[in-house]
Amino acid sequence: MIVLVGFMGAGKTTVGHLLAERLGLPFTDSDQVIEQRTGRPVRQIFAEDGEPAFRALEHQVIASLLDGPDLVLALGGGAPEHPGTRDRLATVQVVYLQVGYDQALARVGGDPDRPLLARPDLAATYQRRLSLYAGIATLTVSTDGRHPETVSQDILARLITEPAVGGRAPHRPSRP
């Protein structure tokens with residue numbers, strides 16, 4: 001199980017697909033699972049139910065995915081804000097895709113499917129989440145100015161060569 005965390009625009013979905021392909025694992029995006037299970041887009045859940053309700057639902061979905069078979073899982077940028085989600089992530093390999101604020105906005109600016117972009121405190125939200133991501137990560141990889149293919153190769157190389165952190169053994173790709 002490899003879980004990708006980071007702010008929106010970090011490349012979690014793109015890098016996640018590449019990692020999953022290389023590792024022979026399925027790829028899942030927690031936001032897509034939420035949308036499939038509820039029949040509503042994330043932005044609609046935010047608008048109609050509010051962020052606290054969304055975070056509770058998000059936690060339930062992530063917990064169920066972590067209880068399932070191995071996969072590469074990309075989490076929504078705010079998922080680690082839920083204490084229960086942080087606790088569950090302590091048992092798996094967590095890769096923090098680090099992205100600068102300006103780079104993140106350049107990648108996702110204007111996307112109507114990202115409700116966070118409408119928040120007046122977006123920069124403060126970004127700053128607050130940095131320590132959450134770093135605190136749960138077993139591996140941190142910068143994505144600023146880097147091609148997703150290079151980022152995924154970097155992650156794979158480091159998963160193979162770096163020892164487990166906090167007792168969590170990294171998933172090692174099988175050799176042919």
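The values are calculated or read from the model by the stated rules, or taken from the named source; none is laboratory data. It should be emphasised that the depicted structure is a prediction, and the values quoted were computed from it without experimental measurement. Cβ atoms come from the backbone with ideal geometry, glycine included; neighbour counts cover every protein chain shown.
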### Query
Does Gln103 satisfy being in contact (Cβ under 8 Å) with a residue 60 or more places away in the chain and out of contact with any strand residue (DSSP E or B) (no Cβ under 8 Å at 6 or more places or on another chain)?
yes
### Message
For Val95, only one of the following conditions fails: (1) in a helix (DSSP H, G or I); (2) modelled with pLDDT of 95 or more; (3) under 24 Å from Arg146 (Cα atoms). What is its number?
### Response
(1)
### Query
Within the bounds of region 61-76, is there any residue that is surrounded by fewer than 20 Cβ atoms within 10 Å (Cβ to Cβ), more than 15 Å from the chain's Cα centre (by Cα) and of a type in the set (D, E, K, R)?
yes
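Rundown of residues vs (1) part of a strand (DSSP E or B); (2) touching a residue at least 40 places away in the same chain (Cβ under 8 Å); (3) farther than 21 Å from Pro148 by Cβ, yes/no style:
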site	(1), (2), (3)
Leu25	no, yes, no
Gln32	no, no, no
Glu58	no, no, yes
Asp70	no, yes, yes
### Message
Quick test of your reading of the structure: Asp113 fulfils all but one of (1) surrounded by fewer than 14 Cβ atoms within 10 Å (Cβ to Cβ); (2) modelled with pLDDT of 95 or more. Name the failing condition by number.
### Response
(2)
### Query
Can you tell me which of Ala118, Ala157, Ala106, Ala164 is farther than 17 Å from Gly76 by Cα, surrounded by fewer than 16 Cβ atoms within 10 Å (Cβ to Cβ), of a type in the set (A, V, I, L, M) and at pLDDT below 80?
Ala164
